[in-house]
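**Student:** Below is a structure I'd like to ask you about.
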Amino acid sequence: MMYKIFNTIAFRLTIWFTGIFTICSGVTFILFYFLAIQTIQTQIDQQLLENVSKFSTIIRRNGLMGARELAVVEAQAAGEKVIFFRLVYPTGEVFASSHMSYWKHVHVSKHILTNLIINKNSVFETVQIPLTQQKARILYSYVAPNVILQTGIAMDFYSKFLSAFKKVFIGAMGFIIIFSAVSGWLLIRKALSNVATITKTAQNITGSNLEARVAGTGNKDELDYLVITFNSMLDRIEELVKSIREMSDNIAHDLKTPITRIRGFAELTLIHEENLEDYRIMASNTIEESDRLLDMINTMLVISRAEAGEGDFEFKKINLSIMIRDACDLFAPLAEDKNIKIVQTIEEQILIVADIKMLQRAFSNLLDNAIKYTPENGKVSVLVFKGNQQVTIKIEDTGIGIAPEYFEKIFERFYRAESSRTSVGTGLGLSLARTIVRQHNGDVFVSSPQSGRQSGQPGKGSIFVVKLPYSNLEVI
């Protein structure tokens, strides 16, 4: 009996599956482990170099007294057991430092000072802190003529992280090997047709079609339980989607009715001439705020319906080149008020199938943002060209820019970065633009100019790129 099991295809495939998976997991761990070490050291070195840059700037502005104060403040802010600063002369004489009670056994290396004086390049070293098991990363660098900064960061946290990473992986590897062998043995012996059925059902499920379910095998085995769990998950998702839709509709309805009534009363107040001027101002402001709220609600409804696959889009053949050129002309007066130059590089006769009103709205939001967040005497460039499979629209400005960590967050509903909170807006424009473009099977994403990506800081302008599918309608 055992001989027959050893000669089955299921057993051989299980051995192959388990062996390959174990080898791949081991190689992956080694790669990730060394990558983690390299990444951690790079991050520490970068932090140390940023400290050097900060001290250089303070010395240029406030002199050595400012640097002394900065050393104390920075060490206290980060933790005196986490980081330290020493300001020394090339001779090795220390003239200023942070509190060094924890770091008193870490001395200034004469050898490294000599090397630094000769080569003029920053020098890193990793040292063991005496009387402890902790390591520290030390940097020596010039921050001013004849002034050298010695700064170090404790690596205790990173060492614990790597040690925990190894322990977790070893335990996880043992569990994964056993689990992969057992599950592989069980799953390989089952007919894969049922798996194909589950896959097909999952592919047919969309935001507007959540009624599809997988038929159970009736065997009450692991695959049958998987089917039951999968169907239960779909039931919960369908209920959740329905509740979200109902909640959105209710919120929109409850807000829209009283706001519309307020606007009606305000209009009546403006009509009556016997009212006081204060009431006129109040009524005018009420109408303005009401219009703003109504526009926000309508935008929310457009986004929600589009994401649910229920948007009212009318697709037909349009000339994208003309549409974008007209939009640029429409925003030209707004740009002229700030002396902003709009540079257009638009390829002629780009014909696509789209909803022109929705696409105009998406492009207008992007162009309006570019002008709004570009300071006076700036420039906004609009570049449109087509390839074999897609049309690319680039809107580049010289505005305040966006930090890389916010590249995806700005497309979330109502999200506004700190730099844009002083400007008028609801935080729905970019979310609406991405929703509209995705309904056209395209996408919108943001990046920074080359210099901005290298620095990783805002203030270098932004580039919004719209990708739309394209087929040559002139040939068709």
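**Student:** Could you list, ordered by first residue, the pairs with Cβ atoms under 7 Å in which the first is in the range 291-318 and within 24 Å of LEU468 (Cβ to Cβ) and outside any helix (DSSP H, G or I) and the second is acidic (Asp, Glu) and at pLDDT 75 or above, at least 6 apart or interchain?
**Tutor:** PHE313/ASP355; GLU314/ASP355; PHE315/ASP355
**Student:** Now, a different point. Considering each of LEU255, LEU268 in turn, give the residue that is farther than 30 Å from VAL437 by Cα, modelled with pLDDT under 70 and assigned to a helix (DSSP H, G or I).
**Tutor:** Exactly one residue qualifies, and that residue is LEU268.
**Student:** For the range 98-120, give me the residue count where each residue is open to solvent by 70 Å² or more (accessible area, probe 1.4 Å) and either farther than 19 Å from VAL143 by Cβ or of a type outside the set (S, T, N, Q) (or both).
**Tutor:** 9
**Student:** Another question about this same structure. Pairs, please: C-beta under 9 Å, at least 6 apart or cross-chain, first residue in contact (Cβ under 8 Å) with a residue 60 or more places away in the chain and in the range 110-122, second outside any helix (DSSP H, G or I) and surrounded by 15 or more Cβ atoms within 10 Å (Cβ to Cβ)?
**Tutor:** These pairs meet every condition: SER122/LEU139; SER122/TYR140; SER122/SER141; SER122/TYR142.
**Student:** List the number of the failed condition for ILE287; all other conditions in (1) of a type outside the set (Gly, Ala, Ser); (2) open to solvent by 60 Å² or more (accessible area, probe 1.4 Å); (3) at pLDDT 70 or above; (4) in a helix (DSSP H, G or I) hold.
**Tutor:** (2)
**Student:** Additional query: Regarding the range 202-209, can at least one residue be identified that is closer than 25 Å to PHE17 by Cβ, open to solvent by less than 50 Å² (accessible area, probe 1.4 Å), under 32 Å from the mean Cα position of the chain (by Cα) and modelled with pLDDT under 75?
**Tutor:** Within the range 202-209 (the criterion being closer than 25 Å to PHE17 by Cβ, open to solvent by less than 50 Å² (accessible area, probe 1.4 Å), under 32 Å from the mean Cα position of the chain (by Cα) and modelled with pLDDT under 75), the answer is yes, since at least one residue qualifies.
**Student:** Restricting to the range 320-358, name every residue that is surrounded by fewer than 16 Cβ atoms within 10 Å (Cβ to Cβ) and in a helix (DSSP H, G or I).
**Tutor:** The answer is ILE322, ASP326, ASP329, LEU330, ALA332, PRO333, LEU334, GLU336, ASP337, LYS357.
**Student:** Okay, next question. Condition first: open to solvent by 40 Å² or more (accessible area, probe 1.4 Å) and either under 24 Å from ILE297 (Cα atoms) or at pLDDT below 85 (or both). Now tell me which residues in the range 374-403 satisfy that.
**Tutor:** ASN388, ILE400
**Student:** Between VAL182, VAL214, which is at pLDDT 70 or above, closer than 25 Å to PHE17 by Cβ and surrounded by fewer than 14 Cβ atoms within 10 Å (Cβ to Cβ)?
**Tutor:** Result of the check over VAL182, VAL214: VAL182.
**Student:** Output yes when any residue across the range 425-437 is modelled with pLDDT under 90, in a loop (DSSP other than H, G, I, E, B), more than 30 Å from ASN339 (Cβ to Cβ) and open to solvent by 10 Å² or more (accessible area, probe 1.4 Å), and no when none is.
**Tutor:** The answer is no; no qualifying residue exists.
**Student:** Among the residues of the range 21-61, write down those that are modelled with pLDDT of 85 or more and exposed (fewer than 15 other Cβ atoms within 10 Å of the Cβ).
**Tutor:** Within the range 21-61, THR42, GLN43, GLN46, GLU50, SER53, THR57, ARG60, ARG61 qualify.
**Student:** Something else about it: Being under 33 Å from the mean Cα position of the chain (by Cα), modelled with pLDDT of 75 or more and open to solvent by 80 Å² or more (accessible area, probe 1.4 Å) narrows it down to one residue among ILE228, ILE237, ILE170; which is it?
**Tutor:** ILE170
**Student:** Pairs please, first residue from the range 62-89 and without any contact (Cβ under 8 Å) to a residue 40 or more places away in the chain, second anywhere and among the aromatic types (Phe, Trp, Tyr) and open to solvent by 10 Å² or more (accessible area, probe 1.4 Å), Cβ atoms under 8 Å, 6+ apart in sequence or on different chains.
**Tutor:** Pairs found: GLU80/TYR102.
**Student:** Within the range 62-80, can you find the residues that are outside any helix (DSSP H, G or I) and surrounded by 15 or more Cβ atoms within 10 Å (Cβ to Cβ)?
**Tutor:** GLU80
**Student:** Looking at GLN38, is it assigned to a loop (DSSP other than H, G, I, E, B), polar (S, T, N, Q) and under 30 Å from LYS167 (Cβ atoms)?
**Tutor:** It is false that GLN38 is assigned to a loop (DSSP other than H, G, I, E, B), polar (S, T, N, Q) and under 30 Å from LYS167 (Cβ atoms).
**Student:** When you look at ASN298, is it within 29 Å of the chain's Cα centre (by Cα) and open to solvent by 30 Å² or more (accessible area, probe 1.4 Å), yes or no?
**Tutor:** yes
**Student:** Right, another one. Inside the range 359-385, can you point out the residues that are among the basic types (Lys, Arg) and outside any strand (DSSP E or B)?
**Tutor:** ARG361, LYS372
**Student:** Going by the structure shown, is ALA196 modelled with pLDDT of 70 or more and hydrophobic (A, V, I, L, M, F, W, C)?
**Tutor:** So ALA196 fails the test.
The values are calculated or read from the model by the stated rules, or taken from the named source; none is laboratory data. As the structure is a computational prediction, the values presented were derived from the model and not from experiment. Methodologically, a virtual Cβ is constructed for each residue, glycine included, from the backbone with ideal geometry; neighbour enumeration extends over all protein chains shown. Heads up: the accessible areas ignore ligands, DNA and RNA and are worked out on the full protein's heavy atoms, side chains in. Shrake-Rupley method; radii C 1.70, N 1.55, O 1.52, S 1.80 Å.
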